[in-house]
Amino acid sequence: MSEALDNLCGPGKQLQAEATDAQEFAGLVRSGMARLNDARNTSLALESRFDLAYNAAHSLSLAALRRLGYRASNRYIVFQVLPHTLGLGPEVWRVLDKCHNMRNRGEYEGLLDVDERLVADLIVATQAVGEALPA
Amino acid sequence: MLAVLFGNPARSFYANEVIALAQSGTGAVQRELAALTEAGLLIFNKQGNQKHYQANAAAPVFDELRGLVLKTMGMADVLRVALAPLAAQIEGAFIYGSVAKQQDTARSDIDVMIVSASLAYADVFGALESATHRLDRKVNPTLYTPADIARRIAGDNAFLTRVMKQPKIWLMGNEETLHVRSA
């Protein structure tokens with residue numbers, strides 16, 4: 001198993017060890033892909049599409065982590081470990097990490113300033129996570 | 001060496017770190033560190049058997065030196081080099097936020113605004129990754145098209161209005177080119 005992930009794993013750390021569960025994995029992938037699909041629906045408000053794509057990215061990134069036998073203690077870590085869970089680079093995980101920070105500012109400070117560019121790029125990055133996951 | 005120390009004034013560095021980051025010779029760096037400490041520009045303290053050096057924020061020329069470093073050889077240069085492969089697609093780029101206002105700490109993000117009609121976040125993050133590691137700071141780019149900028153200025157967008165009024169460190173282009181093109 002990945003040494004980088006093992007180093008992040010332990011009591012009080014960002015990851016906890018927890019045996020993989022095939023049903024949970026399938027559920028996360030299914031709901032992630034469904035929301036990713038809906039995020040492409042241009043009749044929805046841009047903010048809604050952002051929420052759908054962001055939550056899809058979270059589900060799929062969490063699935064990647066659960067598949068390897070880890071659970072996350074917080075939301076942002078699932079994106080930061082994508083280089084280790086799925087071998088994805090900064091062009092994917094940094095985009096998701098940025099969207100995570102934007103989502104927090106939107107949820108907690110009422111400052112959701114999303115535009116077409118960001119939502120389009122979030123969808124591309126989320127799609128890359130979905131494609132990197134083994135079926 | 002000044003770029004290392006005055007580019008990250010909130011933390012101290014041990015001598016070997018400065019030598020590695022400044023990509024310079026041991027003897028030369030050691031002599032410079034001693035001379036700058038003597039002149040009051042650096043603070044020296046010993047932690048165990050490590051000699052730590054930090055930019056002295058109380059030095060009378062601290063603000064000037066830091067400004068000089070930021071503008072000439074510090075993070076601006078590193079970011080400019082990182083973005084250079086994308087330059088043909090960039091209308092303007094600048095650092096804003098706490099770094100440009102000189103209120104940053106070693107853990108502050110470096111906020112960068114990039115104006116481009118064609119770039120995607122994936123391109124920008126791919127290009128900036130090396131700079132993130134070299135500066136040991138998170139770079140937070142915001143990407144707008146010239147039309148986005150014009151629309152936000154016209155709509156009195158709170159974020160952009162605030163950014164445009166703040167101090168900036170220009171990486172590419174300047175205030176005039178941006179305004180002309182977005183008008």
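The values are calculated or read from the model by the stated rules, or taken from the named source; none is laboratory data. Bear in mind that the values here come from a model prediction, so they are computed numbers and not experimental data. Cβ sites come from the backbone with ideal geometry, for glycine too, and all protein chains shown count toward neighbours.
As an exercise: evaluate B:Ser108 against (1) in a loop (DSSP other than H, G, I, E, B); (2) over 16 Å from B:Arg134 (Cα atoms) and give the number of the one condition it does not meet.
(2)
Suppose we filter B:Leu2, B:Leu33, B:Leu42 for residues that are over 30 Å from B:Val163 (Cβ atoms), touching a residue at least 12 places away in the same chain (Cβ under 8 Å) and touching a helix residue (DSSP H, G or I) at 6+ places or on another chain (Cβ under 6 Å); which single one remains?
B:Leu42
I need the helices (runs of 4 or more DSSP H) fully contained in the range B:1-101, keeping only those with at least 1 residues that are touching a His at 6+ places or on another chain (Cβ under 9 Å).
In the range B:1-101, B:15-22 are the helices (runs of 4 or more DSSP H) which contain 1 or more residues that are touching a His at 6+ places or on another chain (Cβ under 9 Å).
So in the range A:1-14, with the set limited to residues that are surrounded by fewer than 12 Cβ atoms within 10 Å (Cβ to Cβ) and assigned to a loop (DSSP other than H, G, I, E, B), which one is modelled with the lowest pLDDT?
In this case the residue turns out to be A:Met1.
Step by step: first the residues of the range A:15-42, then only those that are polar (S, T, N, Q) and farther than 13 Å from A:Leu62 by Cα, then the one that is surrounded by the fewest Cβ atoms within 10 Å (Cβ to Cβ). Which residue is that?
Out of the qualifying residues, it is A:Gln23.
How about the range B:151-173: which of its residues are more than 13 Å from every other protein chain (Cβ to nearest Cβ) and in a helix (DSSP H, G or I)?
B:Ile153, B:Ala154, B:Met164, B:Lys165
Please go through (1) at positive phi; (2) crowded, with 23+ Cβ neighbours inside 10 Å for A:Cys99 and return the number of the only condition it doesn't satisfy.
It fails just one condition, (1).
Quick one: in the range B:122-147, of everything that is over 15 Å from B:Ala84 (Cβ atoms) and among the charged types (D, E, K, R), which residue is surrounded by the most Cβ atoms within 10 Å (Cβ to Cβ)?
B:Arg137
Being of a type in the set (D, E, K, R), surrounded by fewer than 22 Cβ atoms within 10 Å (Cβ to Cβ) and without any contact (Cβ under 8 Å) to a residue 60 or more places away in the chain is the filter here, so list the residues in the range A:104-125 that pass it.
Across the range A:104-125, the qualifying residues are A:Arg105, A:Glu107, A:Glu109, A:Asp113, A:Arg117.
Taking helices (runs of 4 or more DSSP H) that fall entirely within the range A:20-129, which contain at least 1 residues that are within 14 Å of chain B (Cβ to nearest Cβ) and modelled with pLDDT of 95 or more?
Counting at least 1 such residues, we get A:46-67, A:77-80, A:82-85, A:90-109.
Cβ-Cβ below 8 Å, separation at least six or inter-chain, first residue in the range B:102-118 and closer than 17 Å to B:Thr142 by Cβ, second surrounded by fewer than 13 Cβ atoms within 10 Å (Cβ to Cβ): which pairs?
Taking only residues 6 or more apart or on different chains, the pairs are B:Asp104/B:Ala10; B:Ala117/B:Ala147.
Just checking, how many residues over the range A:29-48 are under 19 Å from A:Pro134 (Cα atoms) and of a type outside the set (A, V, I, L, M, F, W, C)?
Residues that pass the stated criteria total 5.
Would you confirm whether or not the range B:134-146 contains a residue that is part of a helix (DSSP H, G or I), within 29 Å of B:Pro9 (Cβ to Cβ) and more than 9 Å from chain A (Cβ to nearest Cβ)?
Among the residues of the range B:134-146, at least one is part of a helix (DSSP H, G or I), within 29 Å of B:Pro9 (Cβ to Cβ) and more than 9 Å from chain A (Cβ to nearest Cβ), which makes the answer yes.
Please state which one of B:Ala58, B:Ala117, B:Ala93, B:Ala106 is more than 14 Å from chain A (Cβ to nearest Cβ), at pLDDT 90 or above and surrounded by fewer than 17 Cβ atoms within 10 Å (Cβ to Cβ).
B:Ala58
Scanning for something free of Cβ contacts under 8 Å to residues at least 24 places away in the same chain, small (Gly, Ala, Ser) and within 21 Å of B:Ala122 (Cα to Cα), does the range A:88-96 turn up at least one residue?
Checked the range A:88-96: at least one residue is free of Cβ contacts under 8 Å to residues at least 24 places away in the same chain, small (Gly, Ala, Ser) and within 21 Å of B:Ala122 (Cα to Cα).
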